[in-house]
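What follows is a set of notes on a single structure, which appears directly below.
Each value in this text was obtained by applying a stated rule to the coordinates, not by laboratory testing. Since the structure is predicted, the reported quantities are computational estimates derived from the model, not experimental observations. All Cβ positions, even for glycine, are placed from backbone atoms using ideal geometry, and neighbour counts span all protein chains on display.
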Amino acid sequence: MSELPLAGITVVSVEQAVAAPFATRQLADLGARVIKVERPGGGDFARRYDTAVLGESSYFVWLNRSKESLTLDLKSARGRGVLEQLLGGADVFVQNLAPGAAARLGLAPGELAARFPSLVPCSITGFGSTGPWADRKAYDLLVQCQTGLVSLTGTPEAGARVGVSVADIAAGMYAYTGILTALYTRATTGAVRPVEVSPFEALAEWMNQPAYYTRYSGAQPPRLGTQHATIAPYGAFAAADGKQVLFSVQNEREWAALCEQALQRPELVDDPRFATSSARVAHREEVNEVVAAWCGGHSSAELARLLDAANIANVGVNDVQEFLDHPVLEGRDRWREVGTPGGPVPALLPPADLGGVTPRMDPVPAVGEHTERILADLGRTPAEIEALRADGVI
């Protein structure tokens with residue numbers, strides 16, 4: 001196996017919850033050494049979100065493989081001294097502390113630049129470090145609400161939270177790519193650029209299409225469950241066996257194929273109510289009535305066969321267990337085994353495959369598992385380490 005792309009890069013992260021851990025886990029996947037600084041005692045509060053994975057939190061297991069856990073009380077002078085020593089040998093510092101906390105600890109980007117000029121600092125801040133909401137917390141669902149995403153998700157009767165932590169995931173992705181860009185810039189120009197990502201602004205970027213639609217049409221896209229707001233037919237329909245089958249007609253050629261080959265209703269191709277995408281959206285209820293009646297007369301397997309024959313994209317609507325058993329994940333050998341404090345569990349390979357590179361898939365650490373080794377590497381003696389532990393610093 002060739003050396004991992006980020007081998008030799010050291011990341012120190014004062015992180016919790018989802019956004020920052022997702023960013024740093026991806027750096028760890030590519031070979032970076034990630035030292036995760038946790039509170040003495042309980043550690044990252046995401047460890048206690050649930051106990052579903054052999055006694056460990058499903059969030060924590062997902063986000064924290066291949067990291068080293070160091071417990072450290074950053075409110076103590078000795079704890080901050082250890083952190084300073086770590087930062088002196090680090091390439092990247094990531095934090096998603098509560099508003100104002102980094103500045104109070106002397107960890108704001110400007111202060112770090114003065115002490116560690118080659119260090120790339122990355123701050124994940126709820127609504128940005130400046131502006132009228134700089135002092136507000138921004139948990140995932142709060143951001144989904146503030147960006148308007150909840151108003152687009154759900155049924156006509158009620159909005160709904162997206163079922164995964166999409167704002168935090170977006171922020172983690174932009175933090176990850178921002179850090180990679182900053183490391184590249186440092187390597188090629190010598191300039192060190194601080195990175196800041198806001199979950200609100202990350203999800204705001206993802207909201208651009210409905211934002212444009214709303215600004216220029218005068219009305220936001222409707223909430224339609226699995227139906228698409230601006231394309232029809234595009235959604236899930238019940239087969240005769242009760243299984244939901246989702247399919248999409250993207251253009252007039254596909255509409256003609258659906259009508260002629262699958263529905264056996266060629267007269268609908270040029271029906272002025274359905275002849276164009278805009279017409280079909282305007283007559284969505286009539287389109288859906290025709291399609292639903294057809295779907296209800298066939299099993300889900302028959303629907304898949306007929307739609308495939310017409311070259312119409314279609315899938316069954318899976319539950320999570322069906323996703324876990326998906327033939328693509330099995331057929332492409334995407335599962336690996338990762339250790340956790342409770343025992344080994346399956347984990348998916350990172351989605352970006354780099355030719356000749358096997359991602360690191362090392363264990364998820366227990367709270368403070370690497371504390372003594374890290375401190376010893378920093379030159380602390382066993383007696384000094386025991387004193388730090390006795391005083392609650394680690």
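In a fully extended conformation the segment linking residue 111 and residue 325 would gain 72.1 nm over its present Cα-Cα distance, using 0.36 nm per residue. Across the options 211, 390, 227, the greatest Cα extent toward the positive end of the charge dipole of the chain (unit charges at beta carbon of Lys, Arg, Asp, Glu) belongs to 390. The GNM of the chain, with springs linking C-alpha atoms under 10 angstrom apart, assigns the highest mean-square fluctuation among 45, 247, 323 to 323.
Working from label points 7 Å from Cα in the Cα-to-Cβ sense, the residue 118 to residue 362 distance is 2.1 nm.
Extension gain for residue 77-residue 206 works out to 42.3 nm (0.36 nm per residue, less the C-alpha to C-alpha distance). Can you tell me the orientation of helix 300-309 relative to the chain, as the angle in degrees between its alpha-carbon axis and the longest Cα principal axis, to the nearest 10? Tilt relative to the chain: about 80 degrees. Using the alpha carbons alone, the radius of gyration of the chain stands to its Kirkwood radius in an Rg to Rh ratio of 1.06.
Give me the dipole magnitude in Debye, nearest 20, for the chain about the Cα centre, with unit charges on the beta carbon: positive for Lys and Arg, negative for Asp and Glu.
1140 debye
Annotation: for a label point projected 7 angstrom from Cα along Cα→Cβ of residue 52, residues of the range 12-34 with backbone N closer than 18 Å are 17-19, 22. The tail of the calculated P(r) for the range 202-268, taken as Cα-Cα distances beyond 18 Å, holds 56 percent of the pairs. Largest GNM mean-square fluctuation across 306, 375, 142, computed for the chain with C-alpha springs under 10 Å, falls on 306. Among 326, 228, the order by Cβ neighbours within 10 angstrom, fewest to most, reads 326, 228. When +1 charges are put on Lys and Arg Cβ atoms and -1 charges on Asp and Glu Cβ atoms, the dipole computed for the range 234-316 relative to its Cα centre reaches about 180 debye.
Sorted ascending by nearby beta carbons within 10 Å, beginning with the fewest, 215, 80 become 215, 80.
As an exercise, take the mean of 1/r over every pair of distinct alpha carbons in the range 23-110, invert it, and state the Kirkwood radius in angstroms. Result for the range 23-110 stands at 14.3 Å.
Among 234, 213, the ranking by other beta carbons within 10 Å of each residue's beta carbon, starting with the fewest, stands as 213, 234. Here the gap between residue 193 and residue 173, fully extended at 0.36 nm per residue and compared with their Cα-Cα distance, gives a gain of 5.4 nm. Listed peptides 344-356, 381-393, 176-188 appear in the order 176-188, 381-393, 344-356 once ranked by packing, highest mean of other Cβ atoms within 10 Å at the front. Of the residues 262, 236, 296, the one whose Cα sits farthest towards the positive end of the charge dipole of the range 234-316 is 236 (charges of +1 on Lys and Arg Cβ, -1 on Asp and Glu Cβ, taken about the Cα centre).
Once divided by 2.2 N^0.38 Å, the Cα radius of gyration of the range 234-316 becomes 0.99.
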